[in-house]
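See below for the structure under consideration.
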Amino acid sequence: MSGSIVFLGPPASGKGTQGRRLAEDLGLAYLSTGALLRREVRDGSSLGGRAKTYLDSGEYVPDEVMVPMVLEWVSRQASDWLLDGFPRTLRQAMVLDDELDVEVRAIILEVGEAELRRRVSGRLECVDCHRVAKAGEKELCVACGGRLVPREDDSVESFENRLAEYQRLVLPAIDYYRERERAVLVDGLAPPDVVYDRVLKAVAVDVVI
Ligand code: AMP
């Protein structure tokens, strides 16, 4: 399989873990829009300043900010790519199609709400490479040695907002891909290696609904 991919899923569904691994294995350029925004906030950039309130509350950053940012990143890539966390609205999905020559395929990780709530409490992310820590990893990231910290938007209130935003805004984007037979649904309720096997099977198939 080749071609560019978008990876969607509710908060804590594992899209960062799975998307990053798939991008590495397929040689795709990788962008997590959430990680990029968290880095901008941490660096105190003007983009970070605009994004911070949204991230803290668990609301989505407006399309007017996200769309140019991602299109600019895509335009700089020499290879196919994988986007983790974009598109997150119908408009983002449509703009991506309108602006690109290729039709991306969407992988959607499905995990029930009870499991999402369980996963989000206590998860850690590296402040430097933004990898999500594996079970048993503590304090320092095994990949880059950065500090492992909880995400600020993993608070209960912010998490519930992100879940509500997902249902309100991302589900229509998923429908957009499903209607065009470009969506692959993957059951994300299993240990990471098992889910990854499913992801690999999913991308090997041309189109599955
Ligand atoms: P994530 O790391 O993918 O869970 O994203 C964390 C947060 O970044 C989200 O809750 C949003 O506030 C923001 N964000 C990331 N990607 C997008 C996007 N495509 N559109 C709007 N907001 C986004």
Quiz item: Any idea which of (1) of a type in the set (Asp, Glu); (2) under 17 Å from Glu113 (Cβ atoms); (3) within 16 Å of the ligand (Cβ to nearest atom) is the one Asp187 doesn't satisfy?
Solution: (3)
Quiz item: If you go through the stretch 121-159 one residue at a time, how many are at positive phi and out of contact with any strand residue (DSSP E or B) (no Cβ under 8 Å at 6 or more places or on another chain)?
Solution: 2
Quiz item: How about the stretch 42-65: which of its residues are buried (at least 18 other Cβ atoms within 10 Å of the Cβ) and β-branched (Val, Ile, Thr)?
Solution: Val61
Quiz item: Restricted to the stretch 91-104, and to residues that are touching an Asp or Glu at 6+ places or on another chain (Cβ under 9 Å) and not in a helix (DSSP H, G or I), which residue is nearest to the ligand (Cβ to nearest atom)?
Solution: Val104
Quiz item: Out of the stretch 108-121, which residues are more than 12 Å from the ligand (Cβ to nearest atom), assigned to a strand (DSSP E or B) and either in contact with a Lys or Arg (Cβ under 8 Å, 6 or more places away or on another chain) or not hydrophobic (A, V, I, L, M, F, W, C) (or both)?
Solution: Glu110
Exercise. Mind listing whichever residues of the stretch 68-110 are β-branched (Val, Ile, Thr) and either under 23 Å from Tyr196 (Cα atoms) or under 15 Å from the mean Cα position of the chain (by Cα) (or both)?
Key: Val70, Thr89, Val104, Ile107, Ile108
Quiz item: When you scan the stretch 4-32, how many residues do you find that are among the small types (Gly, Ala, Ser), more than 18 Å from Val111 (Cα to Cα) and in contact with a Leu (Cβ under 9 Å, 6 or more places away or on another chain)?
Solution: 4
Practice problem: Just need a number here: residues in the stretch 128-151 that are more than 10 Å from the ligand (Cβ to nearest atom), within 18 Å of Pro11 (Cα to Cα) and touching a Leu at 6+ places or on another chain (Cβ under 8 Å). | Solution: 3
Quiz prompt | All positions within the stretch 75-90 that are surrounded by 17 or more Cβ atoms within 10 Å (Cβ to Cβ) and of a type in the set (A, V, I, L, M) | solution = Leu82, Leu83, Leu90
Practice problem: Would you please list the contacts, defined by Cβ atoms under 6 Å and residues six or more apart or on different chains, that run from a residue in the stretch 45-63 that is farther than 25 Å from Leu90 by Cβ to a residue that is charged (D, E, K, R)? | Solution: Gly48/Glu40
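None of the figures in this text is laboratory data; all of them are computed from the coordinates on show. Just so it is clear, the model here is predicted, and its values are computed rather than measured. All Cβ positions, even for glycine, are placed from backbone atoms using ideal geometry, and neighbour counts span all protein chains on display.
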